Amino acid sequence: MNALPALPDAGLLHLFVKHTSCGLSINENYDPDVRHDMETIFNHLVPEGRANYYHTLEGADDMPAHAKSSIVGVSLMIPITGGRLALGTWQGIYLCEFRNRGGARHLTATIIQ
């Protein structure tokens, strides 16, 4: 895993995940119940094992993972202020894994000054 270099005093961090069955989100990062509740919500919106899904070669979670990825999105743009990410007090960056057993994930981070 590579870390980000020192951030500039001001700019933008663009994050992009190079996969179609996961996503990136900013959400509350204090209470772990949020992660559980978000998973419950997504599984309600896009349930696994629906008979009308065609794309199921990789399992019952395959097509739902692609749909959830489209809903959440695969990139984020985060302001940099004072050499730090300008996230709110309770905000954290989530790599949302939508496969039951997702593999290695690769992200591209671009710093714009």
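Just so it is clear, none of the values below were taken in a lab; they were calculated from the coordinates. Worth saying up front: this structure is predicted, and the values here are computed from it rather than measured. Cβ sites come from the backbone with ideal geometry, for glycine too, and all protein chains shown count toward neighbours.
Which entry is the computed Cα Rg over 2.2 N^0.38 Å for this structure: (i) 1.03; (ii) 1.14; (iii) 1.20? Among (i) 1.03; (ii) 1.14; (iii) 1.20, the one calculated here is (iii).
Sorted fewest first by neighbouring Cβ atoms within 10 angstrom, 110, 89 come out as 89, 110.
Which of the trypsin sites (Lys or Arg not before Pro) found in segment 72-113 are in a DSSP loop and have at most 16 neighbouring Cβ atoms, other than their own, within 10 Å?
Loop-located and lightly packed - 101, 105.
Working from Cα pairs under 8 Å separated by at least six residues, relative contact order for the chain is 52 percent. Sparsely packed loop sites in segment 1-76 (the trypsin sites (Lys or Arg not before Pro) outside DSSP H, G, I, E and B with at most 10 other Cβ atoms within 10 Å) comprise 18. Counting neighbouring beta carbons within 10 Å and listing from fewest to most, the residues 63, 77 come out as 77, 63.
Could you line up 16, 42 from fewest to most neighbouring Cβ atoms inside 10 Å?
Starting with the residue having the fewest Cβ neighbours, the order is 16, 42.
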